1. With the structure loaded, tell me whether residue 66 is buried (at least 21 other Cβ atoms within 10 Å of the Cβ) and either touching a Phe, Trp or Tyr at 6+ places or on another chain (Cβ under 9 Å) or not β-branched (Val, Ile, Thr) (or both) or whether it fails that test.
2. I need a count of the residues in region 66-125 that are in contact with a helix residue (DSSP H, G or I) (Cβ under 9 Å, 6 or more places away or on another chain) and not in a helix (DSSP H, G or I).
3. How many residues are farther than 26 Å from residue 152 by Cα, surrounded by fewer than 21 Cβ atoms within 10 Å (Cβ to Cβ) and of a type in the set (Phe, Trp, Tyr) if we restrict to region 1-59?
4. If you take the residues in region 331-384 that are in contact with a helix residue (DSSP H, G or I) (Cβ under 8 Å, 6 or more places away or on another chain), more than 27 Å from residue 248 (Cα to Cα) and small (Gly, Ala, Ser), which one is surrounded by the most Cβ atoms within 10 Å (Cβ to Cβ)?
5. Cβ-Cβ below 8 Å, separation at least six or inter-chain, first residue in region 421-440 and under 20 Å from residue 379 (Cα atoms), second of a type outside the set (Gly, Ala, Ser) and surrounded by fewer than 15 Cβ atoms within 10 Å (Cβ to Cβ): which pairs?
6. Which condition breaks for residue 89 when tested against (1) within 13 Å of the chain's Cα centre (by Cα); (2) in contact (Cβ under 8 Å) with a residue 60 or more places away in the chain?
7. Applying the selection to region 282-327, what residues are among the aliphatic types (A, V, I, L, M) and within 20 Å of residue 153 (Cβ to Cβ)?
8. Here are 292, 339, 343, 333: which of them is more than 23 Å from residue 430 (Cα to Cα) and assigned to a loop (DSSP other than H, G, I, E, B)?
Amino acid sequence: MTYTAAQRLDRLPEAAFHRRLAGMIGAGLLCDTFDLYLASSVMVALTTSGWATVAQNAQFASAGALGSLIGAFLAGWLGDRFGRRFSFQFNLILFGVMSFAAALAPDMSWLIAFRFIMGIGLGAEIVVGYSTITEFVPPHSRGKWSAILFLVGTSGLLISTLVGYLVIPNFGWRWMFVIAGGGALFVWFLRKNMPESPRWLESAGRHEEANRILDEIEAEISLKHVLPVPAAAAPARSSNYRAVDLFRPPLLRSTLLGMTLNIVALFALYGFVIWLPTFLVKQGLSMSHSLGYTTIMSSGSLIGVWLASRFSDRLGRKRGIVLLSIIAGAIGGIYPHAGSIEGTTVLGLLLITAIYCCSTLGYSTYVPELFPTQVRLRGSGISSVAGRAASIVAPQVVGVLYAYDGSVNGVTLALVGLLLLQAAAVGLFGIDMTQRSLDSQFDGSLQSTDGSAVGGLPVRSE
């Protein structure tokens, strides 16, 4: 009997192999977010030391954002053309080497240029990371594993802030880039033996390589677990998706949904969450009190991701995104009218919890599920580009809305509108992929009605 890569991977029990793979991917994501958040600490040091002006700091931040946007797009093309593993290693070595170059930058112009190239590597890591984990773990736990990786990435803010507090005053800002680059190169070395995705190899016609990797995975897991026989599936429908298909039916729906989820998630972050200290100061709080209350509210990010890891595979992605979007929208509508700092803090905590829980379900888990293997990274990459474009525009939009009436009413109204739009889009047009095999909504399995496989891969009898 022969089976497809999907059938063989989907029946595997969770094992040390999956934990090791998640560890390698998570380490890369941690390097990514560590560097993303170190920018704020570095910019303070650059300004106070006289090494850079405020205008140059703005160029530094914009260079990283623009590089990340380009990197997200390139990651999709590289990952679907040359494989997930190649894209992983290419973007990580690029980021690592450029981090060391940034540490040696002779002036601010060079630092801005290096930051742009670093951004290309950073933008790629997220696109490849979440898509790759979905292609290895079994359907019943995809949500959990993606949430765990999201939690690892979210912790980058705390780690970067702590390292900056300890390193910059004592050793200088350059050492932040040395630490980031050293971490990236160390993870690159660890991932040298990372397996290529058998799903991608099969979609590229490289059946012998896919079979060899699957045999190795099954041999390792079978040492401690009994492997069930792969489940039978419906006959396959022939498909050969290309990048252009992302912009026409049936994949156009997936592309629009992926873009919507990324835009809403990153607008919420760059258009609300990072502005919280400023909003509180504008309401009359001191800087120290503002940061203190913001820290309490921001803890909702970790709570939200943890909740997503617990309920993503039970509640379901489609249902969860719709429900949490509505809940977050309702809290957002009440937030400006809290009436006290205590009420504002509680509502802010609940709002950020709902936003991060929803973003985990959508941004890290649901988006990769929406696309077939042949164009999964390109679809995820295009979705990420839309979100990163929103992250660039969001601060400008917030500035205009806040200036209009001098309050957060306009900002929260925009956020509520986007959340409700997201709920409607996913509710009306979303595809429920919870507990389902990847690609099942496009191809079915590659099994014929008589039980033999069409283009499948052999598997030993259990």
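The values are calculated or read from the model by the stated rules, or taken from the named source; none is laboratory data. Only a predicted model underlies this, so the values are computations on that prediction, with no experimental measurement involved. Using ideal geometry, Cβ is built from the backbone for each residue, glycine included, and neighbour counts are taken over all protein chains shown.
1. no
2. Residues in region 66-125 being in contact with a helix residue (DSSP H, G or I) (Cβ under 9 Å, 6 or more places away or on another chain) and not in a helix (DSSP H, G or I): 3 in total.
3. 1
4. Among those residues, the one meeting the criterion is 332.
5. 429/253; 431/253
6. All conditions are met except number (1).
7. 297, 302, 303, 305, 307, 308, 321, 324
8. Unique residue meeting the criteria: 339.
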